[in-house]
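The values are calculated or read from the model by the stated rules, or taken from the named source; none is laboratory data. None of the values given here were measured: they were computed from a predicted structure. Positions of Cβ are backbone-derived with ideal geometry, glycine not excepted, and every protein chain shown enters the neighbour counts. Side chains are part of the model used for accessible areas, which takes the heavy atoms of the whole protein and leaves out ligands, DNA and RNA. Shrake-Rupley method; radii C 1.70, N 1.55, O 1.52, S 1.80 Å.
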Amino acid sequence: MTTFSCSFHDLAGLDEAARARLLRRSETDLAAFVEKVRPIIAAVRSEGDAALLRFARELDGADVAPGALQASEAEFDRAFATVEPDVVEAIRFGIDNIRRFHEEQKPEPMWFKEMRPGAFAGDRWTPIQSAALYVPRGKGAFPSVTMMTSVPAVVAGVPDLCILTPPTADGSVDAATLVAARLAGVETVYKVGGAQAVAAAAYGTETIRAKIKIVGPGSPFVVAAKSLLSGVLDTGLPAGPSEAVVFADETVDGALAALDLLIEAEHGPDSSAYLVTHERRVAEEAMAALPGHLARMTEQRRAFASAVLSGAYGGIVLTASLEESYRFINDYAPEHLEILSVEPFRHLGRITEAAEILMGPHTPVTLGNFVLGPNAVLPTSRWARTFGPLSVTDFLKRSSIGYVTSAGYPELALHARRLARYEGFSSHENAVSEMRDEILGRPRR
């Protein structure tokens with residue numbers, strides 16, 4: 001059995017400062033990362049491809065040959081020959097569900113409604129013209145992120161798409177990532193990661209065309225680069241290191257809660273993961289089960305999960321009541337939330353601040369991350385309070401449409417003229433005055 005000490009927090013005994021510390025994530029303070037990222041961005045902007053190749057060697061330990069920043073068609077073909085058929089089948093299955101979900105999510109191209117007699121207004125949706133899809137690799141390979149970022153972008157109809165992902169040591173791209181990219185409909189993959197990838201998307205290089213948006217999760221270095229470059233390109237929803245809350249009520253076995261608590265904790269030592277329960281039995285059962293569960297993990301993932309659950313960003317939170325559990329979860333605003341209960345819908349209405357809510361004992365985060373269909377690229381660090389999951393609409397832009405007939409114009413003009421006069425805008429007022437009537441009444445030459 002693995003020797004392990006899980007952090008345990010009895011919420012009723014914590015003062016306000018201690019409770020506030022539980023809400024923190026590893027990326028809360030980006031100041032140190034920002035200073036490290038500044039020179040990387042400056043180098044990519046001034047040196048282009050040369051900087052990307054140098055940082056691949058220095059930061060990723062990867063030997064990428066000049067002229068080989070983009071994955072070739074032959075590399076794609078080799079990937080399909082390399083990846084096990086059952087993994088390819090799983091990728092196809094996941095992409096099919098993800099595509100179905102996002103096609104349903106896609107809004108109608110336009111709606112138009114008569115607001116008043118003769119006055120029409122509505123919205124039109126059109127795809128953005130370009131986007132970079134960031135797929136991390138530092139603590140593993142993530143074809144699932146490729147699936148989650150690529151499918152909604154393709155469904156939206158973005159004409160210029162590329163994937164940016166760190167190279168492996170031999171200068172190649174993870175094979176399953178290439179398989180997922182092609183099956184999702186993206187053929188342009190660049191071997192560049194970290195802050196340098198964000199800079200390449202923002203400014204472009206000899207090989208990589210600049211994009212107007214970048215999406216996808218990443219390390220604090222990626223998050224810091226996005227922060228610095230948010231005035232140059234749209235950096236999308238804030239997605240940093242993984243985080244999850246597993247909420248368990250009195251109807252479930254604590255061993256099941258412990259099993260699911262480890263899902264996001266194994267992503268890396270900078271992840272966050274809490275079991276929240278008002279039932280002491282569940283907390284004690286989970287605590288007892290964790291060493292056995294950890295013993296059945298690989299060495300690297302066991303080390304990551306142990307670091308999270310014994311550290312400052314994870315563990316077990318025992319609350320005094322259901323109401324206190326709801327309040328803590330809403331204050332925490334997690335990226336992933338599991339509601340472990342045989343009656344999960346009785347809790348759903350009380351929880352409003354979570355980016356993803358997976359309900360019941362048969363819906364672990366694993367299914368949401370890979371194959372269920374909803375997007376698993378989610379806001380972190382409490383940004384679930386204002387952001388939702390990555391979606392088709394992240395790759396679409398909305399234009400308001402208006403059309404007023406000659407019959408509908410007079411009523412609207414009257415009220416608009418009064419408001420323009422009150423606010424002191426004379427040209428606004430003149431444009432809906434008798435001046436317009438006179439011009440429109442003139443015979444055309």
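Amide H to amide H under 5 Å from THR205: which residues, 5+ apart in sequence or cross-chain, H placed 1.01 Å off N in plane?
ALA210
Compute the accessible area per residue over the range 288-445, keeping the other protein chains in place, probe 1.4 Å, unit Å².
Heavy-atom accessible area per residue stands at 55 Å².
For the range 1-88, what is the accessible area per residue in Å², given a 1.4 Å probe and the full set of protein chains?
Counting only protein heavy atoms, the per-residue value for the range 1-88 is 59 Å².
With a 10 Å cut-off between alpha carbons and a GNM built on the chain, which of VAL223, VAL186, VAL432 moves the most?
Among VAL223, VAL186, VAL432, the largest GNM mean-square fluctuation belongs to VAL432.
Report, largest value first, the span of the C-alpha coordinates of the chain along each principal axis, in whole Å.
92, 59, 43
List every residue whose amide H lies under 5 Å from the amide H of MET359, counting only residues 5 or more places away in sequence or on a different chain, with H placed 1.01 Å from N in the peptide plane.
For MET359, whose amide H was placed from the backbone, the distant partners under 5 Å are ILE339.
By how many degrees, between 0 and 90 and to the nearest 10, does the Cα long axis of helix 254-265 differ from the longest principal axis of the chain?
Tilt relative to the chain: about 60 degrees.
Of the peptides 320-332, 382-394, how do they stack up when ordered by the mean number of other Cβ atoms within 10 Å, highest first?
Answer by packing, highest mean first, reads 382-394, 320-332.
Looking at the chain, send over the antiparallel percent of its DSSP beta bridges, to the nearest 5.
The answer is about 35 percent antiparallel.
Using only helices, what value at 222 nm comes out for the chain when you add -39,500 (n - 2.57) per DSSP H run of length 4 or more and divide by the total residues, to the nearest 500 deg cm²/dmol?
It comes out at -13500 deg cm²/dmol, rounded to the nearest 500.
So for the pair THR405, ALA17, with labels modelled 7 Å out along Cα→Cβ, what separation do we get in nm?
With each label point 7 Å from Cα toward Cβ, the separation is 6.9 nm.
Calculate, for the range 184-226, the solvent-accessible area per residue in square angstrom, rolling a 1.4 angstrom probe over the heavy atoms of the protein chains.
Heavy-atom accessible area per residue stands at 25 Å².
Over the chain, calculate the relative contact order: mean separation of alpha carbon pairs under 8 Å at least 6 apart, over the residue count, as a percent.
About 20 percent, as a whole number.
Roughly to the nearest percent, how much of the accessible area of the chain is carbon and sulfur, given a 1.4 Å probe?
Roughly 54 percent of what the probe reaches on the chain is carbon or sulfur.
For ALA431 and VAL88, FRET efficiency with R0 = 56 Å and r from the beta-carbon atoms, rounded to 0.05?
With a Förster radius of 56 Å, E is 0.40.
If each residue of separation counts as 0.36 nm, what is the full-extension length gain between ASP10 and ALA307 once their alpha-carbon separation is subtracted?
Working it through step by step, the gained length comes to 104.9 nm.
At 0.36 nm per residue, minus the direct Cα-Cα distance, what do ALA42 and ASP170 gain on full extension? Give it in nm, one decimal, please.
43.5 nm
Which number gives the lysine pairs in the chain that have C-alpha atoms under 24 Å apart and are eight or more places apart or on different chains?
Eligible lysine pairs with Cα atoms under 24 Å apart amount to 19.
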